[in-house]
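The structure under discussion appears below in the form of structure tokens.
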Amino acid sequence: MPIDFYQLPGSAPCRAVALAAAALGIEMNFKEVALMNGDNLKPEYLKMNPQHTIPTIDDNGFYLWESRAIMTYLVNQYGKNDSLYPKDPKKRAIVDQRLYFDACTLYKSFADYYYPIIFAKAPKDQAKYEAVGTAMSFLNTFLEGQDYVAGENMTLADLSIVATVSTIEATDYNLSKYKNVTKWYAKIKSEAPKYEEYNNAGIKAFKDLVHNMTKK
């Protein structure tokens with residue numbers, strides 16, 4: 001039976017999970033959580049996820065949140081092979097490192113800079129903006145001479161990071177000086193299953209959200 005997937009299409013972490021599920025051929029029952037309406041604060045949601053965050057999954061009574069934890073669970077539970085998340089300890093460690101880099105450095109830098117502007121109409125913070133560039137430079141270095149961010153084939157790290165990079169790009173951030181990133185970005189867009197359906201549609205939803213939140 002399909003996994004209940006509580007999400008918002010505009011959310012990069014939610015899109016990363018959707019891309020992982022598509023790559024694994026897993027059927028997900030998409031359930032939109034209207035954060036502005038407090039759907040995530042209802043008792044039935046808090047029972048699943050006391051932190052009331054998205055994404056959250058309900059796999060036949062097994063509840064899990066945090067996008068990268070969900071992605072690795074899906075491979076461990078349902079993967080037909082280990083190409084997306086290698087079993088070899090060293091190869092897996094590189095994928096994990098990139099996933100942590102995304103969570104703690106790349107996506108964090110984006111959220112720290114853009115979310116106060118979008119949701120609180122805060123003024124632009126130059127130091128926070130430069131942190132985004134520093135994170136992008138690290139990613140560009142990781143990709144030097146590499147087609148993928150963590151190994152010789154597409155992994156969960158690529159799917160998580162492409163959701164972040166595409167969201168950063170959607171804020172009109174100029175990626176052009178990061179040559180390795182732009183080359184990799186084009187490759188993942190062409191290779192990730194259901195990229196157009198799951199990621200590009202979500203990017204449009206994100207742009208619409210930004211427009212509605214920032215218009216005067």
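The values are calculated or read from the model by the stated rules, or taken from the named source; none is laboratory data. Here the structure is a predicted model, which means the values were calculated and not measured. Because the Cβ atoms are built from the backbone with ideal geometry, glycine has one as well, and the counts that use them run over all protein chains shown. Calculation scope for accessible area: heavy atoms of the full protein, side chains included, ligands and nucleic acids excluded. Shrake-Rupley method; radii C 1.70, N 1.55, O 1.52, S 1.80 Å.
Would you check if there is a residue in the range 48-55 being open to solvent by less than 30 Å² (accessible area, probe 1.4 Å), touching a residue at least 60 places away in the same chain (Cβ under 8 Å) and within 20 Å of the chain's Cα centre (by Cα)? No, that holds for no residue. Mind telling me which of the residues L139, L64 ends up being surrounded by 15 or more Cβ atoms within 10 Å (Cβ to Cβ), assigned by the TED database to the domain that holds M28 and not in a loop (DSSP other than H, G, I, E, B)? After ruling out the rest, the residue left standing is L64. In contact (Cβ under 8 Å) with a residue 60 or more places away in the chain, aliphatic (A, V, I, L, M), out of contact with any Pro (no Cβ under 6 Å at 6 or more places or on another chain) and not in a helix (DSSP H, G or I): is that true of M213 in this structure? No: the conditions fail for M213. Residues in the range 166-201 that are assigned to a helix (DSSP H, G or I) and touching a Leu at 6+ places or on another chain (Cβ under 8 Å): 12 in all.
The number of residues in the range 17-46 being closer than 12 Å to F5 by Cα and in contact (Cβ under 8 Å) with a residue 40 or more places away in the chain comes to 4.
V95 - would you say it is β-branched (V, I, T) and within 21 Å of L24 (Cα to Cα)? In short, yes. When D39, D88, D58, D102 are checked against the criterion of being charged (D, E, K, R), within 22 Å of A205 (Cα to Cα) and open to solvent by 20 Å² or more (accessible area, probe 1.4 Å), a single residue qualifies: D39.
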